[in-house]
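Shown next, in structure tokens, is the structure this report addresses.
The values are calculated or read from the model by the stated rules, or taken from the named source; none is laboratory data. Model, not experiment: these values are computed from the prediction. Quick reminder, even Gly has a Cβ in these numbers, built from the backbone with ideal geometry, and neighbours come from all protein chains shown.
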Amino acid sequence: MSLTQIRPAPPAPEQRSASISKSKLWWHRFDTKAVPYLLIAPFFVLFAIFGLFPLIYNAVVSLRHWRLDDPKKTGWAGFENYTKVFADDVFWNALGNTFGIFILSTVPQLVLALIIANLLNHKLRFTTFWRVAVLLPYVTPVAASTLLFAMFFQRDSGMANWFLSMVGFGQEEPLNWRAEKWSSWIAIATMVNWKWIGYNALLYLSAMQAIPKDVYEAAAVDGAGPQRQLWQITVPMIQPVLIFTVVLSTIGGLQLFNEPMLFDENPALASGGSDGQWQTIAQLIYQVGWRNGNLGSAAAMSWILFLIILVVAGINALLTKRLGGGR
Amino acid sequence: MQTFGRRALGVTAAGLAAALAISGCSGEKLAGNGGDSGGGEGQITLKVNYFGDMGQQMLKERFEKANPNIKITLNSAEFNAHHEDLQKKLVAGSGAADVVAVDEGFMVKFKAQGDQFVNLLDHGLGSAESRYLPWKWKNSLTADGKQIGMGTDVGGLAMCYRTDLFKAAGLPTDRDQVSALWPTWDKFIATGQTYTKASGKKFIDSGTNLFNPVLGQQPVGFYDEKDQLQMEGGPKVAFDVSMKAIEAGISANLVSFQPGWNQGFNADKFAVLACPAWMLGHIQQTAPGTKGKWDIAAIPGGGGNWGGSWWTIPAQTKNAAAAAKFIEFATAPEQQIEVFKTVGNLPSQPALYKDQAVLDFKHPFMSNAPTGQIFAKTAESLKPQYLGVKHGKTREDVEKVITQVGEGKVKPGEAWPKAVEAAQKVASS
């Protein structure tokens, strides 16, 4: 305000406008100060209703007894749900499965996406075709693709075993993909990778295209090969996108539900195989909450999963930052 | 300020779009689910939830024809999920269908919550008592004398076998000769080994589908009448038979009622299958191409029961009268005979076993086997087993152990302690 007074501008119009209408001024201030907040409010309102409230309510439920099959078991439980979860082998088994599948899916997924993006970044024929093609798996509904994969990994008539038999494996006894941890993990990780590689590749590609060409030219003049260019120019320069995809696939990977669920011979059981060999935490939460009807315990697990995701996503983001900046 | 405003606008637009998309979705869903009140005036829509094949399509058509003001919507679900869903809706106090099928494995559990169901005696269905097998009537009667379900079918037990596969393996195909092959389960497994040796194929579908019928033949199942777990009795006998069969290498080790198992019907993965009457419907549905290749023989060990259901009405329904009308219609002798003929489910009303239509009936899908005579004989001589409150869940978890043995994860000799542990976990939960 004091600045305007110093200015030697003609004072007449300013006085006039002030006297014309106070309400207009009020509207102007409202427009610049409050409206932006009002306009972004819908997101936060929706987040409060569908994000924040469930989170808090979940925490409350996790401290209570709440049984769907027995309405008489109710009341505060303190941390009993949590201690019971930590003492349960089933939980640790599911946690191990979740991390196993997470690593098997995330690492190849992001590395392959990077390689594909790098390939797409070169001059190719039918550029658009390739770019659309890699995104197709992402567009396919998970339920549809997973059901197809479940058939693909069928013991007796699955294509996976057919391929294996062509290269000489499983002639006597076909591989039962669902029987063991390692095989079921690979099968599920394959579904996840298939779906998300293209999506991540396109994200990387768009970031790569923002890198100025002269950086590469300078590097080429200095004698850096394509391999070195990828790791020492491309990767560091698309680091923000890298962190974004790492965090995103961490969240997705640790919440894995659809794929393991529909991979089961009998999806309604939510048991992740005959011995829980591929049961993920999200599946366990569903099983405990909605099948066994123990909502308190399921809520406790949800909160534990939430905290785990926060920690792991944080660590991954830090590591990625190191990776990009360090080299 | 200027740039901030513009960016905020963009974000809001996206937010609004998302909000619209969300509300759009839910609106659509509401419209899709709005079957509660039905269309016009006086028009009632009854929701009927069932599992497997209970002749529902025929019942719907006939009932709607006889009652133009009532519309039936059918909804089928996986066996376990179906019963869990009902339990959830009962506790929630809303959302259950108007008419819900309940299997014998879950009946005890729901009977204990008798006030959650409509007492069918209040709707004049008490007169049907004389038509029913006494134990079938009793099994859905609560401790305080309310009748919560009208029996649809009983399982009975027999063995379905593939005549073409038997012939190819040099085994007899006539149903009496086949029955003579296996008076006991040991002989049955020996026959299986002969078959597997001759054909190079597996004999039975899975260990669990031996476990269930053998368990059904035992005087005491998982739980005694005091609801105490009794694993060392009947369950041990049944478990040992299934282990022996898997060890003998005659099991295809498919997970029953799942896609791989269904494919197995069409791909000749097994030649024999324990057959309660309701299994006939499943075979016809899954493998229509095998018509005429099946026949039915007696089950080793003789008799026994596996499965059988009731129609119930959750008390939360707003259409109790119409629902009762449907149940009365569905369990009337004419419809029961029709279900028997089209699907195969054996009525739980003994008078029908002597009905000429049932006695003379030859099942075209099963090589014209006289299914009426075969199953009626097993049902009449049946001594029903008490099924505990937690029977359903116990069975599911013990079956999982058998599946693990089939997958080669657990050795047959080491499986029993695991099964006991699994059952105890359920019993104490």
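What are the residues in the range A:207-222 that are charged (D, E, K, R) and part of a helix (DSSP H, G or I), if any?
A:Lys213, A:Asp214, A:Glu217
Identify all residues within the range B:258-310 that are in contact (Cβ under 8 Å) with a residue 24 or more places away in the chain, out of contact with any strand residue (DSSP E or B) (no Cβ under 9 Å at 6 or more places or on another chain) and not in a loop (DSSP other than H, G, I, E, B); write none if there are none.
B:Trp261, B:Asn262, B:Gly264, B:Asn266, B:Gly281, B:His282, B:Gln284, B:Gln285, B:Thr286
Please go through the range A:259-293 and give me each residue that is farther than 22 Å from B:Ser256 by Cα and touching a Ser or Thr at 6+ places or on another chain (Cβ under 6 Å), ordered by number.
Within the range A:259-293, A:Thr280, A:Ile281, A:Ile285, A:Val288 meet the criteria.
Could you go through the range A:155-173 and let me know if any residue there is away from chain B (no Cβ under 14 Å) and touching a residue at least 12 places away in the same chain (Cβ under 8 Å).
There is no residue in the range A:155-173 that is away from chain B (no Cβ under 14 Å) and touching a residue at least 12 places away in the same chain (Cβ under 8 Å).
Collect the residues in the range B:173-199 that are surrounded by 15 or more Cβ atoms within 10 Å (Cβ to Cβ) and either in contact with a Cys (Cβ under 7 Å, 6 or more places away or on another chain) or not in a helix (DSSP H, G or I) (or both), keeping them in residue-number order.
B:Thr173, B:Trp182 - these are the residues of the range B:173-199 that are surrounded by 15 or more Cβ atoms within 10 Å (Cβ to Cβ) and either in contact with a Cys (Cβ under 7 Å, 6 or more places away or on another chain) or not in a helix (DSSP H, G or I) (or both).
Taking the conditions exactly as written (touching a residue at least 60 places away in the same chain (Cβ under 8 Å) and of a type in the set (Ser, Thr, Tyr)), does B:Ser251 satisfy them or not?
Yes: the conditions hold for B:Ser251.
Please give the number of the condition A:Trp92 fails out of (1) part of a helix (DSSP H, G or I); (2) free of Cβ contacts under 8 Å to residues at least 24 places away in the same chain; (3) within 14 Å of chain B (Cβ to nearest Cβ); (4) not charged (D, E, K, R).
Answer for A:Trp92: the failing condition is (3).
Looking for something more than 14 Å from chain B (Cβ to nearest Cβ), in a helix (DSSP H, G or I), in contact with a helix residue (DSSP H, G or I) (Cβ under 6 Å, 6 or more places away or on another chain) and touching a residue at least 24 places away in the same chain (Cβ under 8 Å) - is there at least one such residue anywhere in the range A:262-276?
no
Could you tell me whether B:Val398 is within 30 Å of B:Gly233 (Cα to Cα), part of a helix (DSSP H, G or I), more than 13 Å from every other protein chain (Cβ to nearest Cβ) and of a type outside the set (Phe, Trp, Tyr)? Show your work before the answer.
Numbers: within 30 Å of B:Gly233 (Cα to Cα): yes; part of a helix (DSSP H, G or I): yes; more than 13 Å from every other protein chain (Cβ to nearest Cβ): no; of a type outside the set (Phe, Trp, Tyr): yes.
Criteria not met by B:Val398.
From the list A:Gly289, A:Gly296, which one is in contact with a His (Cβ under 6 Å, 6 or more places away or on another chain), crowded, with 21+ Cβ neighbours inside 10 Å and part of a helix (DSSP H, G or I)? Give the derivation first.
Working: A:Gly289 fails: in contact with a His (Cβ under 6 Å, 6 or more places away or on another chain).
Of the residues listed, the single one that is in contact with a His (Cβ under 6 Å, 6 or more places away or on another chain), crowded, with 21+ Cβ neighbours inside 10 Å and part of a helix (DSSP H, G or I) is A:Gly296.
Out of the residues in the range A:286-327 that are closer than 30 Å to A:Gln239 by Cα and small (Gly, Ala, Ser), which is farthest from the other protein chains (Cβ to nearest Cβ)?
Checking each candidate, the answer is A:Gly326.
Which one is farthest from the other protein chains (Cβ to nearest Cβ), of the residues in the range B:39-98 that are within 18 Å of B:Gln116 (Cα to Cα) and assigned to a loop (DSSP other than H, G, I, E, B)?
Only one residue tops the list, namely B:Asp98.
Go through (1) under 28 Å from A:Trp182 (Cα atoms); (2) touching a helix residue (DSSP H, G or I) at 6+ places or on another chain (Cβ under 6 Å) and name the single condition B:His391 misses.
Of the numbered conditions (1) under 28 Å from A:Trp182 (Cα atoms); (2) touching a helix residue (DSSP H, G or I) at 6+ places or on another chain (Cβ under 6 Å), the odd one out for B:His391 is (1).
In the range A:7-81, which helices (runs of 4 or more DSSP H) lie fully inside it and hold 3 or more residues that are under 30 Å from B:Gln87 (Cα atoms) and at pLDDT 90 or above? Steps first, answer last, please.
On the way: elements: A:11-20, A:22-29, A:35-47, A:53-62.
Counting at least 3 such residues, we get A:53-62.
Looking at the range B:408-429, which of the residues that are in a loop (DSSP other than H, G, I, E, B) and within 13 Å of another protein chain (Cβ to nearest Cβ) is farthest from A:Lys73 (Cα to Cα)?
Initially, the range B:408-429 is screened for residues in a loop (DSSP other than H, G, I, E, B), giving B:408-411, B:429.
From what's left, within 13 Å of another protein chain (Cβ to nearest Cβ): B:408-410, B:429.
Details: B:Gly408: 40, B:Lys409: 37, B:Val410: 36, B:Ser429: 13 Å.
The residue in question is B:Gly408.
Give the residue, chosen from A:Leu114, A:Leu95, that is more than 30 Å from A:Glu265 (Cα to Cα), within 21 Å of the chain's Cα centre (by Cα) and crowded, with 16+ Cβ neighbours inside 10 Å.
A:Leu114
Inspect the range B:114-124 for any residue being under 17 Å from B:Leu346 (Cβ atoms) and either touching a Leu at 6+ places or on another chain (Cβ under 6 Å) or aliphatic (A, V, I, L, M) (or both) and give the result as yes or no.
Within the range B:114-124, not a single residue is under 17 Å from B:Leu346 (Cβ atoms) and either touching a Leu at 6+ places or on another chain (Cβ under 6 Å) or aliphatic (A, V, I, L, M) (or both).
If you scan the range A:76-90, which residues turn out to be over 30 Å from the mean Cα position of the chain (by Cα) and within 11 Å of A:Ile304 (Cβ to Cβ)?
Within the range A:76-90, no residue meets the criteria.
Just to be sure before I move on: is B:Val255 over 20 Å from the mean Cα position of the chain (by Cα) and either modelled with pLDDT of 95 or more or within 14 Å of chain A (Cβ to nearest Cβ) (or both) in the structure I sent?
no
Name the single residue, out of those in the range B:373-395 being assigned to a helix (DSSP H, G or I) and either among the aliphatic types (A, V, I, L, M) or assigned by TED's automatic domain parsing to the domain that holds B:Asp103 (or both), that is nearest to the chain's Cα centre (by Cα).
B:Ala379
May I ask you to say which residue of A:Phe99, A:Phe86, A:Phe79 is under 29 Å from A:Thr320 (Cβ atoms), out of contact with any helix residue (DSSP H, G or I) (no Cβ under 6 Å at 6 or more places or on another chain) and more than 14 Å from every other protein chain (Cβ to nearest Cβ)? Full working, then the answer.
Numbers: A:Phe86 fails: under 29 Å from A:Thr320 (Cβ atoms); A:Phe79 fails: under 29 Å from A:Thr320 (Cβ atoms).
None of the others qualify; the one that does is A:Phe99.
Find the residue count for the range A:136-154, including only residues that are within 14 Å of chain B (Cβ to nearest Cβ), in contact (Cβ under 8 Å) with a residue 60 or more places away in the chain and more than 20 Å from A:Gly253 (Cβ to Cβ).
Number of matching residues: 1.
When you go through (1) buried (at least 17 other Cβ atoms within 10 Å of the Cβ); (2) within 30 Å of B:Leu215 (Cα to Cα); (3) among the β-branched types (Val, Ile, Thr) one by one for B:Thr342, which number turns out not to apply?
Status for B:Thr342: all satisfied but (1).
Looking at A:Leu305, A:Leu323, A:Leu284, A:Leu310, which is the one that is at negative phi and either free of Cβ contacts under 8 Å to residues at least 24 places away in the same chain or not in a helix (DSSP H, G or I) (or both)?
The unique qualifying residue is A:Leu310.
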